[in-house]
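Laboratory data are not the source of any read-out in this text; all were calculated from the coordinates shown. Because the structure is a prediction, the values reported are computed rather than measured. Counting neighbours? That spans all protein chains shown, and the Cβs are built from the backbone with ideal geometry, glycine included.
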Amino acid sequence: MHRILKNGEFHRVLTILKMRATEHSRKLHPYDITSQGFFVYHDKVFETDSII
């Protein structure tokens, strides 16, 4: 989990570092924490021009 500053706003993003014997995305995906739970937007990829 990361908070990234882009264009003056913080964005919450998530990446999976390792998952055994499974192909998975290694890209940054936005997420939200709401009263309904934790939601990862797996169909969206956060684009950044800086190195984390």
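A simple charge model with +1 on the Cβ of Lys and Arg, -1 on the Cβ of Asp and Glu and nothing else charged puts the dipole of the chain at about 240 debye relative to its Cα centre.
Between E47 and S35, what is the label-point separation in nm under the 7 Å Cα-to-beta-carbon projection? Taking the simple label geometry, S35 and E47 are separated by 3.5 nm. Loop-resident GluC sites (Glu not before Pro) (DSSP state other than H, G, I, E or B) in the chain with no more than 11 further Cβ atoms inside 10 Å of their Cβ: E23, E47.
Using the Karplus relation 6.51 cos²θ - 1.76 cosθ + 1.60 with θ = phi - 60°, the per-residue 3J(HN,Hα) values for the stretch 5-14 come to 8, 9, 6, x, 10, 8, 10, 8, 9, 9 Hz, with x marking Gly and Pro. At R0 = 30 Å, how high is the FRET efficiency between E23 and H2 if r is their beta carbon distance? Nearest 0.05 is fine. Efficiency, from the Cβ-Cβ distance: 0.85.
Based on C-alpha pairs under 8 angstrom that are at least 6 apart in sequence, the chain has a relative contact order of 26 percent.
For a straight C-alpha distance cut-off of 21 angstrom, the lysines reachable from K6 (same-chain residues fewer than eight places away being disregarded) are K27, K44. Along its first, second and third principal axes, ordered by size, the chain spans 38, 32, 17 Å in Cα coordinates.
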